[in-house]
Ligand code: FAQ
């Protein structure tokens, strides 16, 4: 259970304690697990870190779908390693969330009950091998853009987990781009497959950054607390600015008729994602929401014996140490 004691301790924090906390954060001091913190800071971190952890775990499914059908042994080995990395990221993140007084079991239960959010992007299907390229290039690319600043997050355990995750995500992004390079320099059919993947993943990737700043409920507070360092719209703009030249390099067309480079600002101007689609996906009505959760629940049930065996083993080891 989420620790009542911590809640009460945070709750009695007086104004002076909260003011001291705000000062520490403003001075770029890291907040550590046992430090006093406002209840709302703890709550928003648990929310964001757990959503992030769930995203990594559910995010294994779209790519897991292609492990058995990878076009070569080399591609299969790389994809296996990448999907395994995502499981590791989930693990670091659940562990970071646990330092805030919530148990991993509780968070996993929320995911399985369908009451926790995870990134909208993982509710889209992976229809062709080119989707493995597009996910690495665009989805990991967007993830890195959002996550590099999280390495400077005010909460120490989250920031440290993010450093390791970002190193791996950067490799993931490159492997995806390399698949796109290979396909876009391949046969006519391969180029068409790469273009089709870009067409389907472009807009959902832009939605990964979250709603417009004007619609973002948490941004202002999270930026004051230095959990977020850039707003959703700032990161989305950075992503477009970096990614469009990469699409040009691949000889692929970004599916946005409004896209143009603005010499005056040095940034790309781009069209509006379909926010009604984004909201529908968040309501659970995306193309794969039901499938993703059903699969996760099945995998959780199938894995029960592993958890039981690990617990029995740990108990045996503990008993041996005591004896
Ligand atoms: N999907 O007020 P804001 C990855 C929700 S990991 C679903 O702007 P905030 C690796 C938001 O939670 C990808 N929900 O919220 C990988 C909030 O709802 P709530 C995940 C979304 O927190 C690659 C409401 O809308 N990355 O890809 C989304 O300040 C390849 C209002 O929004 C992270 O989690 C969305 N896209 O900013 C794995 C990074 N956007 O909680 C496998 C950490 C917003 O009030 C394969 N998270 N919402 O019910 C963050 O940086 C932030 O949480 C944001 C949202 C930027 C996602």
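The values are calculated or read from the model by the stated rules, or taken from the named source; none is laboratory data. Keep in mind the model is a prediction, meaning the values are calculated, not measured. Note that we place each Cβ from the backbone using ideal geometry, even for glycine, and neighbour counts take in every protein chain shown.
Values as computed for the structure displayed
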| item | result |
| --- | --- |
| Positions within region 104-130 being within 11 Å of the ligand (Cβ to nearest atom) and either touching a strand residue (DSSP E or B) at 6+ places or on another chain (Cβ under 8 Å) or part of a helix (DSSP H, G or I) (or both), in sequence order | 120, 121, 122, 123 |
| Residue under evaluation residue 139, criteria (1) over 19 Å from residue 245 (Cα atoms); (2) near the ligand (Cβ under 10 Å from one of its atoms), criterion not met | (1) |
| Every pair of residues 6+ apart whose Cβ atoms lie under 7 Å, when the first sits in region 105-130 and is touching a residue at least 60 places away in the same chain (Cβ under 8 Å) while the second is away from the ligand (no atom under 15 Å from the Cβ) and in a loop (DSSP other than H, G, I, E, B) | 106/1; 106/2; 129/71 |
| Those residues of region 49-100 which are under 20 Å from residue 162 (Cβ atoms) and either away from the ligand (no atom under 16 Å from the Cβ) or not in a helix (DSSP H, G or I) (or both), in sequence order | 59, 98, 99, 100 |
| Residues satisfying the stated conditions in region 213-234, i.e. more than 9 Å from the ligand (Cβ to nearest atom) and farther than 22 Å from residue 30 by Cβ | 214, 233, 234 |
| Pairs, first without any contact (Cβ under 8 Å) to a residue 12 or more places away in the chain in region 21-41, second surrounded by 17 or more Cβ atoms within 10 Å (Cβ to Cβ), C-beta under 6 Å, six or more apart | none |
| Count - residues of region 263-288 that are surrounded by fewer than 13 Cβ atoms within 10 Å (Cβ to Cβ), away from the ligand (no atom under 16 Å from the Cβ) and under 19 Å from residue 232 (Cβ atoms) | 1 |
| Odd one out for residue 2, checked against (1) at pLDDT 95 or above; (2) over 30 Å from residue 136 (Cβ atoms) | (1) |
| Filter pass, residue 260 being touching a helix residue (DSSP H, G or I) at 6+ places or on another chain (Cβ under 8 Å) and either farther than 22 Å from residue 202 by Cβ or surrounded by fewer than 13 Cβ atoms within 10 Å (Cβ to Cβ) (or both) | no |
